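Novice: Sending over a structure as structure tokens; questions will come in a sec.
The values are calculated or read from the model by the stated rules, or taken from the named source; none is laboratory data. Not measured: the values here are computed from a predicted model. Positions of Cβ are backbone-derived with ideal geometry, glycine not excepted, and every protein chain shown enters the neighbour counts.
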Amino acid sequence: MKLKTISLFILFLISNFSWSQNSTIETHKTNNGEIKIKPILHSSFVLTYNNKTVYVDPYGGANLYVGLKSPDIILITDTHGDHLDLATLDSLDTSKAIFIAPKAVKDQLKGTYFDKTEVLANGQGIHRLGFFIKAISMYNLPEEADSKHPKGRGNGYILTVDNKNIYISGDTEDIPEMRMLQNIDIAFICMNLPYTMDIKQAASAVLEFQPKIVYPFHYRGKDGFSDVKEFKNSVNSKNNTIDVRLLKWYPTN
């Protein structure tokens, strides 16, 4: 029985490794270079630009990051385990990385991680390594005391890379702060009930702030995967100039 369990676990690791190595790398030209984006898992991805590497919410284990450059910047959005994954952080080479996170995340870090973490509150911004990083609100509606994501605890981010503005939603619903965004070139939008929002809310928000390119991500919920194809149809039936791109964020979809 133990051998069977071990064998199944090894097969799982091999499957994840194979899938992560073969996942699409998206390339976006800027005025002075190229942004490359590689989906990892759920809401984690790796962005590279001009020999600098940014990890967003590292999650899922070191095997998903094999062959990738170690991070120069690590962005963490929230305290939940699919965003702040200490086991994955411990398995990666973070020796040269600057961590940027909300205070609630830093409060859960210790030792080197704590010392390397710079705190951004909603609305604050910072220049690091040629990037401008601004923290954006992320929270559930209606605002209630027992909300899974209360306002002010976590961060979405706008990452400005050369002439491109990249919005990372974090775990949020279709909040006013999202709907009022302007000049977003690339947007990563979550959609999974009961944690964030459904595809109708996500589509409505996207149609309002009109990013040029949208990547649905973080779409695994309690009842399986959100219908990202229907999200794409909902957006493009009303605005076919928004480029909705469906990437492979999970090994089973």
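Novice: What residue, among those in region 205-224 that are surrounded by 23 or more Cβ atoms within 10 Å (Cβ to Cβ) and of a type in the set (V, I, T), is nearest to T172 (Cα to Cα)?
Specialist: Among those that are surrounded by 23 or more Cβ atoms within 10 Å (Cβ to Cβ) and of a type in the set (V, I, T), it is V206.
Novice: Assess whether E143 counts as being of a type in the set (D, E) and surrounded by fewer than 17 Cβ atoms within 10 Å (Cβ to Cβ).
Specialist: So E143 fits the description; yes.
Novice: So, in region 154-174, of the ones that are in contact (Cβ under 8 Å) with a residue 24 or more places away in the chain and surrounded by fewer than 21 Cβ atoms within 10 Å (Cβ to Cβ), which residue ends up farthest from P58 (Cα to Cα)?
Specialist: N163
Novice: Follow-up. Please determine, by comparing only the residues of region 19-46 that are more than 14 Å from the chain's Cα centre (by Cα) and part of a loop (DSSP other than H, G, I, E, B), which one is surrounded by the fewest Cβ atoms within 10 Å (Cβ to Cβ).
Specialist: Top of the filtered list is N31.
Novice: Among the residues of region 129-147, how many are within 19 Å of the chain's Cα centre (by Cα) and under 20 Å from L75 (Cβ atoms)?
Specialist: 9
Novice: Could we say that K110 is among the basic types (K, R) and either under 26 Å from Y195 (Cα atoms) or under 13 Å from the mean Cα position of the chain (by Cα) (or both) here? Let's see the steps before the verdict.
Specialist: Values: among the basic types (K, R): yes; either under 26 Å from Y195 (Cα atoms) or under 13 Å from the mean Cα position of the chain (by Cα) (or both): no.
So K110 fails the test.
Novice: If you don't mind, there's one more thing I want to ask. Check D107 against each of (1) at pLDDT 95 or above; (2) in contact with a Lys or Arg (Cβ under 8 Å, 6 or more places away or on another chain); (3) of a type outside the set (S, T, Y) and name the one condition it does not meet.
Specialist: Only one criterion in (1) at pLDDT 95 or above; (2) in contact with a Lys or Arg (Cβ under 8 Å, 6 or more places away or on another chain); (3) of a type outside the set (S, T, Y) is unmet by D107, namely (2).
Novice: List the helices (runs of 4 or more DSSP H) inside region 47-121, counting only whole elements, that have at least 2 residues being over 26 Å from T24 (Cα atoms) and out of contact with any helix residue (DSSP H, G or I) (no Cβ under 8 Å at 6 or more places or on another chain).
Specialist: Counting at least 2 such residues, we get 103-106, 111-116.
Novice: Filter region 196-239 for residues that are assigned to a loop (DSSP other than H, G, I, E, B) and touching a residue at least 40 places away in the same chain (Cβ under 8 Å) and give the result.
Specialist: Correct list: T196, P211, H218.
Novice: Here's another thing I want to ask about it. For region 83-96, indicate whether the set of residues that are in contact with a Cys (Cβ under 7 Å, 6 or more places away or on another chain) and closer than 27 Å to D162 by Cα is non-empty.
Specialist: If we filter region 83-96 for residues that are in contact with a Cys (Cβ under 7 Å, 6 or more places away or on another chain), which is where we start, we get none.
Looking for residues that are in contact with a Cys (Cβ under 7 Å, 6 or more places away or on another chain) and closer than 27 Å to D162 by Cα, one finds none in region 83-96, hence no.
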